[in-house]
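One structure is given here, and the rest of the page talks about it.
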Amino acid sequence: MDWIFDVIYKNRILLKGILEQLSLKELNTIPSGFKNNVIWNIAHTIATQQILVYKLSGLPTLVSDEFIEQFRKGTKPEREVTQEEVDNIKDLLFATLEQTKMDYANQIFNSYNEYTTSTNSTLTCVEDAIGFNCFHEGIHLGYILALKKSI
């Protein structure tokens, strides 16, 4: 699991760099031909990790229900995010990952509600969820890079 957490950490460093490279306007821009923007995709990775790892384990999430509802699968940007929200998302990239690593090490994930993803991968335990999350974040990094080129 250390290797998977390390890959997620490296991906999140790349996401943080993108947050720091782009202006607030660029982060909120939805280019022609796209359904969402860079900041939605970055926040979506956090919301999805929380759902896959915590909610499906029957545990409280580390982010608010409102955050999850705004950025979960099936949503799209409904408004522009503020700089304060961007700063919070940047902090959450690492705070949520570090807490998940600690919670995993402390073995708090004792049950899991089986879930089949939209890519038809069935997750049966928290290890499956963390591994799939790594794949999911990689998909969104690619999408973010495409968005960035289109801004």
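The values are calculated or read from the model by the stated rules, or taken from the named source; none is laboratory data. Because the structure is a prediction, the values reported are computed rather than measured. Here Cβ is always computed from backbone atoms with ideal geometry, including for glycine, and neighbour counts include all displayed protein chains. SASA here: full protein model, heavy atoms, side chains in, ligands and nucleic acids out. Shrake-Rupley method; radii C 1.70, N 1.55, O 1.52, S 1.80 Å.
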Fraction of accessible area attributable to carbon and sulfur, the chain (%, probe 1.4 Å): 52
The stretch 32-63 and the stretch 98-136: distance between their alpha carbon centers, rounded to Å: 13
Which listed pairs, of LYS76/LYS149; LYS35/LYS55; LYS76/LYS148; LYS25/LYS55, have C-alpha distances above 24 Å, in listed order: LYS35/LYS55; LYS25/LYS55
Calculated FRET efficiency for the pair MET1/GLU114, C-beta based, R₀ 30 Å, to 0.05: 0.95
P(r) of the chain over all Cα-Cα pairs, binned every 5 Å from zero, in whole percent: 2, 9, 20, 23, 21, 13, 8, 3, 1, 0
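So what is the calculated 222 nm ellipticity per residue for the chain, using -39500 (n - 2.57) for each DSSP H run with n of 4 or more, over all residues, to the nearest 500 deg cm²/dmol? Working shown, then result.
Numbers: 6 runs with 96 residues, N = 151.
It comes out at -21000 deg cm²/dmol, rounded to the nearest 500.
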Per-residue ³J(HN,Hα) for the stretch 81-93, Karplus 6.51 cos²θ - 1.76 cosθ + 1.60, θ = phi - 60°, Hz, x for Gly and Pro: 8, 8, 4, 4, 5, 4, 4, 5, 4, 4, 5, 5, 3
Gaussian network model of the chain, springs between alpha carbon atoms under 10 Å - residue of ASN28, ASN37, ASN88 with greatest fluctuation: ASN88
Cβ-based charge dipole, the stretch 1-143, positive-most Cα from LEU22, ILE108, ALA95: LEU22
At most 12 other Cβ within 10 Å, DSSP loop - trypsin sites (Lys or Arg not before Pro), the stretch 52-151: LYS73, ARG79
Radius 15 Å from Cβ of GLU80, net charge of other residues (Lys, Arg +1; Asp, Glu -1): -2
Exposed GluC sites (Glu not before Pro) absent: longest stretch of the chain, with sites in DSSP loops and at most 11 other Cβ within 10 Å deemed exposed: 1-77
